[in-house]
Structures are given as structure tokens and as C-alpha cells.
1. Once amide H atoms are built 1.01 Å from N in the peptide plane, which residues 5 or more positions from ILE73, or in another chain, come under 5 Å H to H?
2. I'd like the accessible area for SER235: 1.4 Å probe, protein heavy atoms, all chains in place, Å² to the nearest 10.
3. Could you tell me what percent of the accessible area of region 33-126 is made up of carbon and sulfur, with a 1.4 Å probe and every protein chain present?
4. Taking the full set of protein chains and a 1.4 angstrom probe, give the accessible area of THR138 in square angstrom, rounded to the nearest 10.
5. Can you send over the solvent-accessible area of ILE242, 1.4 Å probe, protein chains only, in Å² to the nearest 10?
6. Which of the three applies to region 42-151, rounded, prolate or oblate, going by the alpha-carbon gyration tensor with a ≥ b ≥ c and a/c under 1.5 meaning rounded?
7. Using only the heavy atoms of the protein chains and a 1.4 Å probe, how would LYS136, LYS74 rank by accessible area, largest first?
8. Just want the answer: with Cβ charges of +1 for Lys and Arg and -1 for Asp and Glu, which residue in SER65, THR90, THR134 is farthest toward the dipole's positive end in region 54-149?
Amino acid sequence: MANRVERLPALRELYREKSSQKIYRIVHVEKELSEMVLCFIFGTILFLKFISTTEFDVLIARDYSGEDGLIRIKDDADPYGVLQRSTRGTAGGDRQSETNWERIDSLVNDPKKLYQALRGGAPRTRLLQDIADTHKVTIQRIRKLFREYLQRGMNEAAVASEFWRCGLRVQPPRWQTGEDATSTIVSREFEGRPGRKPSNRNVHAPRTEALERLFEQCIDLYLTNEVGPWSLEISDEDREKIRQFAKDAQFPGTRKSKGHRNRRGHKARSSSGRSA
């Protein structure tokens, strides 16, 4: 029987541990030392595992029956694949993304420094502190960017600004593990009206699904260039609730046309010659 050829793993590949169902990303492969580093892709604390390439080759074998075995995850099933999206970011978000990358660029693109940071301990602390001092930020900020770089894909998108996800209902996975590492739908539920108590408690609209949809449409129209949902069905009950606070509220299908005006401000004429 021919000996099985060891396969040198590639950076960024994902593997699931059978016993814990935790997902790890390969963040370093040292061929000369026959060593590799795996990073747990979730959590606010950086967790790394150092194993030999020989041991890794055993753990990923199909005929390996141990509970510590590793199962390869396809690239298109990466929980952080949503970060590789192509979306229109705001100017502020784009600037923040560029700043985040500039802060760790010198670290992640220097193999020697990167390996030193992976080993941890005092050398890592000194290295990250030097970077923090250079960019005049706290070391906690650099630690967070370094962790996210390793966990989320080891590229610029991994440390991109997350301004785009603020308030988003469908959120990419955060601290989940195992089979639950999927996007989640976040819906805020309030027992009372959030925020500071108003001086006049009668001057506010009740929070309803219809009101939320109206806000979404306004944000879409004026801020996000018509990329939001444009389907709104308001029940008679919700219409009455809204009109208690806004008597002149208008809804889709109930607006009265003001007529089209030409450049001089005059109403356009119909085909019959009368004003529209």
C-alpha cells in the first residue's frame, strides 16, 4: 500500500473540530519547522492552537476516528463571507476601513513580526504597543484589529468598518459556535418607549410595524438611494393609531397628485387643452 502524501494546508482554510464543533482558521504554516497555527474564529479573546503539520495531517484523515479530528469546511461556507461583500459604504465608513488597515498593515505583511505576534507573551505586547504608539491609539484597539484580522479572513475586509451593520436586522455571526454559526435576525423589543421621558407624553407616535416600515422607506429615499424595502401594507387599525398623532398622515395609494409643473412653475396641460 502506497504511503499517503502529506498535504501542506493553505492559509485561511477552515476546519471544524469534531468534539467541540468549534471552527478554526489556519493562520500560519511554517514548512521548515513543520508547524502550523490554528485560530478559533469566534469570541472576543484570541485563541490559538499550535500543532505540527504531521499531527494535522493525521487529524484531517478520513479514516481518523478520534474525537479531536478535523473536518474541512468549504470556502463558500465561511461564516464571515458576508464581509467580502461588494456594497456601497458611506464616506465615513470607507475612511474608517482604510484607517483600520493602515494600523495593522506593517504587522500582518511582515512574516517575522506576524509570527512573533502569534507566539504571544511579552514580545507580542511590546510589538502591539509600538504600533499603538505610532498611530496614537490604545493597545486594546490594535489587539482587536489583530484578532479580527486572524478570525475573519486575513485580508482588508476582515478589519473593515462595521458602520454598515449598525441597525441592520440581518446580522452576520458574532460569537456563535458550531452549526449555529450563521447570520441572525435581530429585532428589538421594548416594553416601554425607549429614550428619555418626553415632557409631553402625548407627542409621539406609537411604535408599530407600519411605523418601522415608514422609517425604512424614508431612510431608503433620502440616505441609501432606494435600496430598502418598498412594500407597505397598513391595516385600518394602524392607520387610525398613526392619525391620532398625525391627522394629515398620508399612505401609499392615498396621496393626491399635485400635478406636474413645468420649469416656469405652471401646471402642465392635458391632451384636451385643460390644466392637469
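1. Residues meeting the amide H criterion: LEU14, TYR15, ARG16.
2. Solvent-accessible area, nearest 10 Å²: 50 Å².
3. Looking at region 33-126 in its full context, I get 51 percent from C and S.
4. 80
5. 20
6. Since a/c reaches 1.5 but b/c is at least a/b, the shape of region 42-151 is classed as oblate.
7. Sorted descending by solvent-accessible area, the residues read LYS136, LYS74.
8. THR134
The values are calculated or read from the model by the stated rules, or taken from the named source; none is laboratory data. These figures come from a predicted structure and were not determined experimentally. Counting neighbours? That spans all protein chains shown, and the Cβs are built from the backbone with ideal geometry, glycine included. With ligands, DNA and RNA removed, areas are computed over all heavy atoms of the protein, side chains included. Shrake-Rupley method; radii C 1.70, N 1.55, O 1.52, S 1.80 Å.
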